[in-house]
Amino acid sequence: MPNEVNDSPVYGTLIQTESVETLNVYSGEAQYPPLTSWQNRPGLTDELRDLLQAQHDAAVTLPYHLLPSKQPELVQVYVQQSVLPQQPDTDEPAPKPGKPEPARRIMPIAEALTTGRHLLITGGPGSGKSTLGQMYVQFLASEWLDPSERPPLPEPLMPLRVSAKALAEDRTWSELLADAVRNRKLTAPIRPELFARRALGARWLVFVDGLDEIVEPDRLRTVIDAIATRMRRGTDHQLVITSRELPSGALDQLHGPYVDRYVIEPFGPAELREFAVAWFRSQDLARATARAEEFLRQVHDGRLRELVNVPLLATIAAITNTLEPGRPLPHNRVDLFTRFMSYLLDDKASGRDTVAELRRTIDDPARLEVVEWIHAHRRDLVEHLAVKRLESERPLIEIAADWLDRPCPEEDLLPVLTSIGVFTQRDHGIDFLHRLFAEFLAARYHAPRIPADFPALDDWVRQGTESAKETSVLFTFVLWSREEGHDLGLVLRRLMEGKREHVLLAAKLLSEDVQIPDELATTILDRVVDLVLVTGTDSDPWRDIREIGRALAGLSGHGITEALKGRLRALREQPELAPSIRICSAIALGHLGSAEESARWLESFGDLSHPLALVEVARGLAEILPDGADRADRLVLRLAAEFGDADYVMVMAAAQVLLELKRHEAAADLVRRLVRRMKIDDTIPAGFRHVPEIHGEHDEEPPGWHVLVRQAAQAGCAEEAVWAAKMLFAQPFPDEYQFRETVEMMAQVGDASAVKKIVDEVNARPVTYAAVAARALHSTHPELAASLARQVVPTDPAVDDDHVVTAWRVLLTTEPEWASSLLESREIDADTAVRMMSQADLPRAHLVRQEMARTSVVKMPRYLMQAALDEGADFANELHAKAMAGSPKDRAALAPQLHEAGFEDLATELIDQLAIDHADPEVLAECLHDLPTGPFPEQAQRLLDRLLPIADHADTAVARYLAPVLRRSGRAAEAVDLAQRTFLRELGDIYVEECAETLLDVAGASSADFIVEHVVGRGLSTGRRRAVADRLIDHGLLRHAVIVWLDVLRNHGDPVEEGVKIAHRLVRCGYRQQALDTVRAALAEDRLTVTTRAQMRALLAWIEHIVPE
């Protein structure tokens, strides 16, 4: 029915009263169809307008009340960041490799949001996760309140931002959201019913922030379960979860086809410049350019540059520079935070003298004395509150009241606390402005209280290797080292005993301007350089090279800089080394002061035939020079021009590199030119499986058309994307992964005719493509997706389980009855059940009971067992009873799971029974090994003591399980002794490499000498020696692995291929000369057989000619 005022539709229930001419419209809640266009948006209700205004105003300005001029609005200084997609689900078809498809497919956050899918965005502390939610809530709220010609996102979404902590209560989803948004800026409380479904037909875009700030494990599990449940149910809410990465797979429940996982990217040079210009424009418009350039010059220092890649630290550095423009910025994060905290704890941090105001209003001398005492001791108080904030979620006002040794009414305590610059007032009390501030202040509290011998060092080191706690641990280590009588060498030597992550943590410690002997600094340098060289042996060398390179860039100022630069130059100039090593060395050298020299080398090294390497070359140019991004552009375009338009794959590689660099206009030009050339190429027949390739390796498959579809879509070339999609659709049976990618992109960039084309293509193909397309369209076109999914019949023998599960996922939210019938019409095996349960709630209990009834506990998939325990105590008791009635293997498999899920009493009963059972020692040892870290149960300790006497006589697996258990329980010397004995016992047998790994885990890098001594020259098979060397490489111990490789090179048996493989590894990581010397020495011996001598000569020729000496 039309509205006669503005001709817009009126929604509601029609009620006829008295005559047919009179119609009343009534509805307790107006019903709106799904809203897909901003142009069709209905008018806001008063309630929604009130909510949007409150959400918009929640973070208009930065929270730091320190600046001499007006606080800048957040929107004035916000810089759009990008995200890096994580690996796809393991149960999805894997994409086939294509040359121009680098692993790092970085995309703008806005693009990730337009997929319509739930997002999990992780990042380090201060990386911009919270600000992301604040800004998009502002952008979208502004669009609803004051419509513009350019909405921030294509789909009209209703924004909401809530704290993850607010989702821990036992209430309905809509009640949780209503309570989470409650604040004093609202005119009236928001009704929970508003969040139960779409608002005005628009989906809710809900940002859930601070999942990592929930410190109590039970509450964290509750919140994650609530979020996962909402993700699996319905399409009325699109969730964006922001969190640091959590340890122990805590976020694993948030996975599946309904959620995409991303890592937020740090500031690159372009983003940092954009931020600096915006910041100083907000402070001093007349001198903004000069101030921004001066700031960028200061932070261009190697170590500072790494710090300001973090948006929070860039902001802190900008504030620091604004407050004291003539004072140089600190060169490490600890000193930067120390200076910033001094600003925040200063009397003037809040912009007003709260104590002076309280003096005028408090007429009770005793009360006033307490207020002044709190203010005088505010540093001790905030450090205490910081420690408690990281340990619990109690309200800070309560913790502060407990800390005081005298009573203080809340009306006095609250204003004193809010006057301290590190706090912000929220509707439920006060909290720290940023969790990182609490971590720094807690480190300042802990540092002087940790003894000089650091008794809990192992635990601190373990925490330091967790990404969520790394910065906090670095703060603590540095501040501890500054206490009198403390030796940072104690920490660094312990880290040097560890794996790759420990070595990198040691390198990051060095970047904090710590004072250590040059000898120790050189040791750390050697290990980090070895990590660089190890990438030459890795099948995916680009995975870790960036982090290692950043660690190298921070190793300056310790009397080793010149030696480091010399080594980097030597590595850069060795043509036989892997490209990852040479590029990493050049970029690190540029950070250490040789920027122009390194830039020229990088420009000469760039090659489109290796797009992954070219991405790193371009990134390095952008990092080390102010005009580096422009030089990278020119380099890529020049290389593309050299190949010419006819080499389609190379042009695509160039376009991909430009997209990685966020140079979308340049990429769009290449894509348009490429497609124009392809359209007139009569050598490309309809239905051709992939993009034609002139050059290429025989073992590399050329890129599929879906890659061009995605590139065109990312570059904003909709017409070109549709053309490439038609090329894929021309194939009778396209690869399903490529088909899904193409459908997803077409749905995002195409118009209604593109969607119709998708339907036509699906209907012309086997029904399995209907499932694939339904999966691709589920978020953007849910009704169409459901209609396609209904074509998949569970009883059809031509349809396999994967396609049934895919269709089931799509229909679950719209037709749950269909999902229920699936369980009855198709037998679900354990693997399929696990996949189904990880995507939805509906069949969970049914599937768990079904699996429990037909299999033993030990054979139940781990996720299924976890799912059963997540259902609560009833399932835990059922599983416990089943295990008690079953075999010792059942009890051993379940006990660790029960313990981890919080059912310690049930776990203890199983362990007690295991102590009585005459079970296989390996089963018992594995049970102890799988128990979660933490306090060791007394019953488990008794079981350990029972197993130790037989460890030397049982299978070596028993000792391999027990040695780490001994280490965890504080018996390190016993652990090392057991691991050494077991390694020697297994020499020459098939598990020697596992024993070597156990020894390295419990004894550290110092055990590598022992391992090499007993492996080299002892007659072990080539395979076993190579496997031991692989374990050494896994720990970053390249030099020890090289000794083993050289032994294999000298004594590798008949197949010459084994020698070539090892020689190739040695050459690629910088040990070519040692390989030559070894083979030549072998040929100088008289005892070689004729056959062996011929093989060694062939091997020598290969090494000599792989690269000219």
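All of the numbers you see were taken from the coordinates with simple rules; none came from a lab. These numbers were taken from a predicted model, which means no experiment stands behind them. All Cβ positions, glycine included, derive from the backbone under ideal geometry; neighbour counts span all protein chains shown.
Projecting the Cα atoms of Phe340, Trp403, His384 onto the charge dipole of the stretch 317-451 (Cβ charges, centred on the Cα centre) puts Phe340 farthest toward the positive pole.
Subtracting the Cα-Cα distance of Val1090 and Asp453 from their residue separation scaled by 0.36 nm leaves 223.3 nm.
State whether the stretch 644-765 is rounded, prolate or oblate according to the following rule on the C-alpha gyration tensor (a ≥ b ≥ c being the square roots of its eigenvalues): a/c under 1.5 gives rounded; otherwise a/b larger than b/c gives prolate, and the remaining case gives oblate. Judged from the Cα gyration tensor, the stretch 644-765 comes out oblate (a/c at least 1.5, b/c at or above a/b).
Projected label points at Glu111 and Arg985, each 7 Å from Cα along the beta carbon direction, are separated by 5.6 nanometres. The phi torsions of the stretch 366-382, fed into the Karplus equation with coefficients 6.51, -1.76 and 1.60 and a -60° offset, translate into couplings of 5, 4, 5, 4, 5, 4, 5, 5, 4, 5, 5, 9, 5, 5, 4, 5, 5 Hz, rounded to whole numbers, with Gly and Pro shown as x.
Going by a ≥ b ≥ c, the root eigenvalues of the Cα gyration tensor, does the stretch 960-1002 fall in the rounded group (a/c under 1.5), the prolate group (a/b larger than b/c) or the oblate group? Write out the running numbers ahead of the final one.
On the way: a/c = 2.79, a/b = 2.13, b/c = 1.31.
Note, shape of the stretch 960-1002 comes out prolate.
Sorting Ile319, Ile624 by the number of Cβ atoms found within 10 Å of their own Cβ, with the fewest placed first, yields Ile319, Ile624.
Taking amide H atoms as placed 1.01 Å from N in the peptide plane, the amide H of Asp920 has no partner under 5 Å among residues 5 or more positions away or on other chains.
If r is the Cβ-Cβ distance from Thr187 to Gln76 and R0 is 22 Å, what FRET efficiency results, to the nearest 0.05? Spell out each step's value before the answer.
Values: r = 28 Å, r/R0 = 1.26.
That gives a FRET efficiency of 0.20.
Cα convex hull, the chain: 226 Å³ per residue, rounded to a whole number.
Using 0.36 nm per residue of separation minus the Cα-Cα distance, give me the extension gain between Glu175 and Glu466 in nm, one decimal. Write down the numbers at each step before the final one.
On the way: separation 291, 0.36 × 291 = 104.76 nm, distance 3.42 nm.
Length gained between Glu175 and Glu466: 101.3 nm.
Each of Thr471, Thr537 was scored by other Cβ atoms within 10 Å of its Cβ. Arranged with the fewest first, they read Thr537, Thr471. Each residue, Thr418 and Asn763, gets one label point 7 Å from its Cα in the Cβ direction; the gap between the two is 6.3 nm. Residues of the stretch 549-582 falling in the label zone of Asp335, defined by backbone nitrogen less than 14 Å from a point 7 Å along Cα to beta-carbon, are 556-558.
How high is the FRET efficiency between Ala873 and Asp645 when r is their beta carbon distance and R₀ equals 60 Å, given to the nearest 0.05? Numbers along the way, then the final one.
Numbers: r = 68 Å, r/R0 = 1.13.
That pair, Ala873 with Asp645, gives E of 0.35.
Between Val83 and Met107, Ile109, Glu265, the built amide H atoms are under 5 Å apart, and every one of these is 5 or more places off in sequence or on another chain.
Model label points for Asp518 and Asp1030, set 7 angstrom from Cα along the Cα-to-Cβ axis, are 4.2 nm apart.
Work out, step by step, the length gained on full extension between Asp751 and Arg638: first 0.36 nm times the residue separation, then minus their alpha carbon distance; give nm to one decimal.
Values: separation 113, 0.36 × 113 = 40.68 nm, distance 3.49 nm.
Contour length minus the Cα-Cα distance gives 37.2 nm.
With a ≥ b ≥ c taken as the square roots of the eigenvalues of the C-alpha gyration tensor of the stretch 309-466, please select rounded if a/c is under 1.5 and otherwise prolate if a/b is larger than b/c or oblate if it is not? The shape class here is oblate. Backbone N atoms of the stretch 436-473 closer than 13 Å to the 7 Å Cα→Cβ label point of Glu483 belong to residues 443-457.
Simple rule: put +1 on each Lys or Arg Cβ and -1 on each Asp or Glu Cβ in the chain, find the dipole, and look at Gly902, Leu728, Pro451; the Cα lying farthest toward the positive end is Leu728. Calculated mean residue ellipticity, 222 nm, the chain: -17500 deg cm²/dmol, from DSSP H runs (n ≥ 4) at -39500 (n - 2.57) each, averaged per residue and rounded to 500. For the stretch 181-188, 3J(HN,Hα) computed residue by residue from phi via the Karplus equation (6.51, -1.76, 1.60; θ = phi - 60°) reads 8, 5, 7, 6, 7, 6, 5, 8 Hz, glycine and proline entered as x. By the beta-carbon count within 10 Å of each Cβ, the least crowded to most crowded order of Ile1043, Ile950, Ile581, Ile680, fewest first, is Ile680, Ile950, Ile1043, Ile581.
Between Glu596 and Arg672, what FRET efficiency comes out of the Förster formula 1/(1 + (r/R0)^6) with R0 = 35 Å and r the beta carbon distance, rounded to 0.05?
Details: r = 34 Å, r/R0 = 0.98.
The computed FRET efficiency comes out at 0.50.
About its Cα centre, the dipole of the chain is roughly 2100 debye, where the only charges are +1 on Lys and Arg Cβ and -1 on Asp and Glu Cβ. Applying a threshold of 23 Å to the alpha-carbon distances of Lys499/Lys662; Lys129/Lys469; Lys469/Lys499; Lys129/Lys662; Lys508/Lys565; Lys165/Lys469 flags Lys499/Lys662 as lying beyond it.
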